[in-house]
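S.K.: This is the structure I want to talk about, given as structure tokens.
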Amino acid sequence: MKAIKNIRLKNYNYKTNGYYFVTICTDYRKPFLQNNTIKDIVVAELARLNDLNGVKIDYYVIMPNHIHLIIVLEDSKYSLFDIVKRFKSKTTVFVNKQFANVDAQLVGRLTQADQGRHINKDADQGRQLHQRLWQPNYYEHIIRNEHALGKIREYIQNNPEKEKIEFDQFYERMGTTAPNKLGNYKQKGQAMIIVLVLMLFLFPIAAAFLYVSVTEMTHTRMERRFKTATALANNVLVDLMRQFSQSYYTGHYDSDSLARNEMFYEIGFSTVTITADAVRHYLYIQATGKYGKDANNPLSDKKLYAVIKFDSDITNYNFWCNTAQSWGSAVTESGRDRVSGNVSLGGSDTFNGDFIVVGNMTGVSSNLINGNLYCTGSFGSVSVAGSKYNFVPEAAWPSIDVSYYDTYYNFKSTWTRTIQFLPNGTFTVSGSTAPVTIPSGGCIIFAKSCNINISSSTVKGRVTVVASGTQGSSRQGNIWVNGNLNYANGTNNASDSDSLALMSHNYINFAKAGGLTVHATLFSQYRSVRSQSPASGTLNLYGTMITNQGASLSVYSPRNYIFDTEINKYSPPGLPEKPYLVTWHMK
């Protein structure tokens, strides 16, 4: 097979800004472009080339067996070869689709019908069109000045039949001027004086211009280096945020998931140091972008300092449910509430925090919201100390990732047991003799496909209790609280040493007579928090309550719900968390 000759200029970058004159011929110079359908496809694809970044079609003319066009490149990421290849490939594909079942004889008839001309149908030139539309190569010429550009436009307009053009005629050669033969030294001396005077005036101007130009180029080069180094450092942060958004459970604090090797790019490097605080749910990030070929001696470097905070919606709200809710009179709550359904308030209710309602709010003026009211429906007559908004902040209902807890548990049971937390940082399990120590990094207790009972306890450590099971089952995924749950720190708030979360697929049941005090974050994915016999007396809940179907605790009276202001700061381990960029600055 005869090799295709490479007619491109050696060592020339065909991405260089400028004007390029290109001629592309049809396969075997067959007059395919007489066919109006094929011609329309070619015109449409030429128009699409203008959509490419940095590419413009300045001028073109279509002949029966070739096209002339002038392509303009301006900071294009595509080379001239890429553009021509794209054009030839796409037009060939579109034409073949148009004439998928057309053989060479039908092409001949189409051409004859359009132009009244006949195509030779011999064995060589009568091959099916889908084999090839264009010749493999193309001809190009780099247009070097405005004069030549105008002449080439004029030439291909007036002489379009020619596929090759003699370009030398468009470029004027630099002429030479005969020496001025002055007849005496006086004239030569006067000329020399004029030259010297001009040099005395022009040299400082030229020097100043050169200095300004060099300074400007230096500043531009330095600015480009700084921007590139900044982008390399930012790439680290973007990569981390992308990783965290893919899983709200894993990869937030462990060193293996956060580890990043030095990244190598064509124009530089990036490195990162990450310090994780799993207790307070922070990441402290220092990333460095380096511009240059040598990482140890970069031409420019920039340092990024950032802090990422992981927040869980389970600890962000005082109360959140997905059904309509009614409040009685003289209720006082602190923290942020969210209800996906209509809300009805009694009288003299006070809510110390924002209230979010995906529905309508009904209430009287004696109801006070000491915060903002977000409501998609009507606001009612409630009094609002903050602002009223006819939209609600976005939030996705959390879910229990069984596979996560089945992998990262510290204690697991597959049948119903009773546990009791002790103030020395351990807990006992029914059916076991030895107490279990709560690790300093936190403890996940996983009741898989069963219920779990919790007796009166004092919690020392960071603990999450999870009960999974079939939705609606009374034998699986339920938690029973049969006694008070207090923190060993002696306060009503979580701390860096003590915090507790109870998470269930189904019900969280309160079943203590004579009053109940609970310090915990409560989450029921499918059901609610409810009271069960022999529940009675006063209920004090310090924490949060996130339940699908609200709460049914009317046998307790009075009921006091106090939002734990520290639970979000010192949230228990293993909760689903979203990343938030707290601070970011570059040095």
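The values are calculated or read from the model by the stated rules, or taken from the named source; none is laboratory data. Since the model is a prediction, treat every value here as computed from it, not as a measurement. Positions of Cβ are generated from backbone atoms using ideal geometry, with glycine treated the same way; all protein chains shown enter the neighbour counts.
S.K.: Considering only the stretch 341-354, I want to know if a residue exists there that is within 27 Å of Ile445 (Cα to Cα) and aliphatic (A, V, I, L, M).
M.R.: no
S.K.: Determine, yes or no, whether Lys77 is assigned by TED's automatic domain parsing to the domain that holds Ile156, touching a residue at least 12 places away in the same chain (Cβ under 8 Å) and under 18 Å from Pro136 (Cα atoms). Give the derivation first.
M.R.: Working: assigned by TED's automatic domain parsing to the domain that holds Ile156: yes; touching a residue at least 12 places away in the same chain (Cβ under 8 Å): yes; under 18 Å from Pro136 (Cα atoms): no.
So Lys77 fails the test.
S.K.: Pull up the stretch 62-99, narrow it to residues that are more than 41 Å from the chain's Cα centre (by Cα) and among the aliphatic types (A, V, I, L, M), then point me to the one that is surrounded by the fewest Cβ atoms within 10 Å (Cβ to Cβ). Full working, then the answer.
M.R.: Our first condition is that a residue be more than 41 Å from the chain's Cα centre (by Cα); within the stretch 62-99, this holds for 62-68, 99.
Checking the rest, the ones that are also among the aliphatic types (A, V, I, L, M) come to 62-63, 67.
On the way: Ile62: 16, Met63: 18, Ile67: 24.
Only one residue fits best here, namely Ile62.
S.K.: Return the only residue of Thr583, Thr538, Thr544, Thr521 being surrounded by fewer than 24 Cβ atoms within 10 Å (Cβ to Cβ), modelled with pLDDT of 90 or more and among the β-branched types (Val, Ile, Thr).
M.R.: Within the list Thr583, Thr538, Thr544, Thr521, the selection yields Thr538.
S.K.: Here is a check on your reading of the model: is Ser499 of a type in the set (Gly, Ala, Ser), touching a Pro at 6+ places or on another chain (Cβ under 9 Å) and either closer than 29 Å to Ser440 by Cβ or without any contact (Cβ under 8 Å) to a residue 12 or more places away in the chain (or both)?
M.R.: Numbers: of a type in the set (Gly, Ala, Ser): yes; touching a Pro at 6+ places or on another chain (Cβ under 9 Å): yes; either closer than 29 Å to Ser440 by Cβ or without any contact (Cβ under 8 Å) to a residue 12 or more places away in the chain (or both): yes.
Answer is yes for this residue.
S.K.: Using the structure shown, decide if Gly477 is assigned to a loop (DSSP other than H, G, I, E, B) and on the phi > 0 side of the Ramachandran plot. Please lay out each step first, then the result.
M.R.: Numbers: assigned to a loop (DSSP other than H, G, I, E, B): yes; on the phi > 0 side of the Ramachandran plot: yes.
Taking the combined requirement at face value, the residue satisfies it.
S.K.: Report the residue count in the stretch 427-458 for those that are in a strand (DSSP E or B), touching a residue at least 24 places away in the same chain (Cβ under 8 Å) and hydroxyl-bearing (Ser, Thr, Tyr).
M.R.: 2
S.K.: Do we find a residue being of a type in the set (Val, Ile, Thr) and in a loop (DSSP other than H, G, I, E, B) anywhere in the stretch 515-522?
M.R.: Checked against the condition, which is being of a type in the set (Val, Ile, Thr) and in a loop (DSSP other than H, G, I, E, B), the stretch 515-522 yields no hits at all.
S.K.: Would you confirm, using the coordinates I've provided, whether Val331 is in contact with an Asp or Glu (Cβ under 6 Å, 6 or more places away or on another chain) and surrounded by 14 or more Cβ atoms within 10 Å (Cβ to Cβ)?
M.R.: Against the criterion (in contact with an Asp or Glu (Cβ under 6 Å, 6 or more places away or on another chain) and surrounded by 14 or more Cβ atoms within 10 Å (Cβ to Cβ)), Val331 qualifies.
S.K.: Take the stretch 380-405 and flag every residue that is closer than 21 Å to Leu522 by Cα, outside any loop (DSSP other than H, G, I, E, B) and of a type in the set (Gly, Ala, Ser).
M.R.: Passing the criteria: only Ser403.
S.K.: Among the residues of the stretch 406-426, write down those that are part of a loop (DSSP other than H, G, I, E, B) and within 14 Å of Thr437 (Cα to Cα). Walk me through it before giving the result.
M.R.: If we filter the stretch 406-426 for residues that are part of a loop (DSSP other than H, G, I, E, B), which is where we start, we get 409-410, 414-416, 423-425.
Of everything in the stretch 406-426, those that are part of a loop (DSSP other than H, G, I, E, B) and within 14 Å of Thr437 (Cα to Cα) turn out to be Tyr409, Asn410, Pro423, Asn424, Gly425.
S.K.: Next question. Here's a check for you: in the stretch 136-167, which residue that is part of a loop (DSSP other than H, G, I, E, B) and at pLDDT 85 or above is surrounded by the fewest Cβ atoms within 10 Å (Cβ to Cβ)?
M.R.: Only one residue tops the list, namely Pro136.
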